[in-house]
Amino acid sequence: MPSRESELDRLLDQAKAYDVVDDAWLAKSFTDRLFVVALHGDAPFPDDLERLLAEHDLLGCNEVYELGGEDHSFVGNLCGGNRHHFVDVRTRGEHQSYVVD
């Protein structure tokens, strides 16, 4: 069985292959790993890519954090493109943020 990191790297490559995707990368938010996807302009998020990510336990941040709204993953328009965040629910809560006292 491949490691979670290699699985996510493969998914990043698959996401970047979509014409509407400008970039994709991993990030961390407090205790969660995020799968971030930046789209060109106002392009809608590809339904088949969202299904693929969900099959690998990556769910839209608005859904996971119960923020509401129709779009499960949209977080805003930055640098002329729409940005979407997906939470790695398989490892949710396992990542530690550093706090300086």
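The values are calculated or read from the model by the stated rules, or taken from the named source; none is laboratory data. Note that the coordinates shown come from a computational prediction; the quantities given were computed from them, not determined experimentally. As a convention, Cβ positions derive from the backbone with ideal geometry for all residues, glycine included, and neighbour counts pool all protein chains shown.
Numerical summary
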item: Subset of the stretch 70-84 [assigned to a strand (DSSP E or B) and under 9 Å from Gly60 (Cβ atoms)]; result: Phe74, His84
item: Test: residue in the stretch 52-64 that is without any contact (Cβ under 8 Å) to a residue 12 or more places away in the chain and exposed (fewer than 14 other Cβ atoms within 10 Å of the Cβ); result: yes
item: Residues of the stretch 65-85 classified as touching a residue at least 40 places away in the same chain (Cβ under 8 Å) and closer than 13 Å to Phe35 by Cα, total; result: 3
item: The stretch 9-44: number of residues that are among the acidic types (Asp, Glu), at pLDDT 95 or above and not in a loop (DSSP other than H, G, I, E, B); result: 4
item: Test: residue in the stretch 41-49 that is in contact (Cβ under 8 Å) with a residue 40 or more places away in the chain and either out of contact with any Ser or Thr (no Cβ under 9 Å at 6 or more places or on another chain) or crowded, with 19+ Cβ neighbours inside 10 Å (or both); result: yes
item: Selected residue [among the small types (Gly, Ala, Ser) and at positive phi] from Gly60, Gly68; result: Gly68
item: Search result, residues across the stretch 13-40 that are more than 15 Å from Arg83 (Cβ to Cβ), in contact (Cβ under 8 Å) with a residue 12 or more places away in the chain and hydrophobic (A, V, I, L, M, F, W, C); result: Phe30
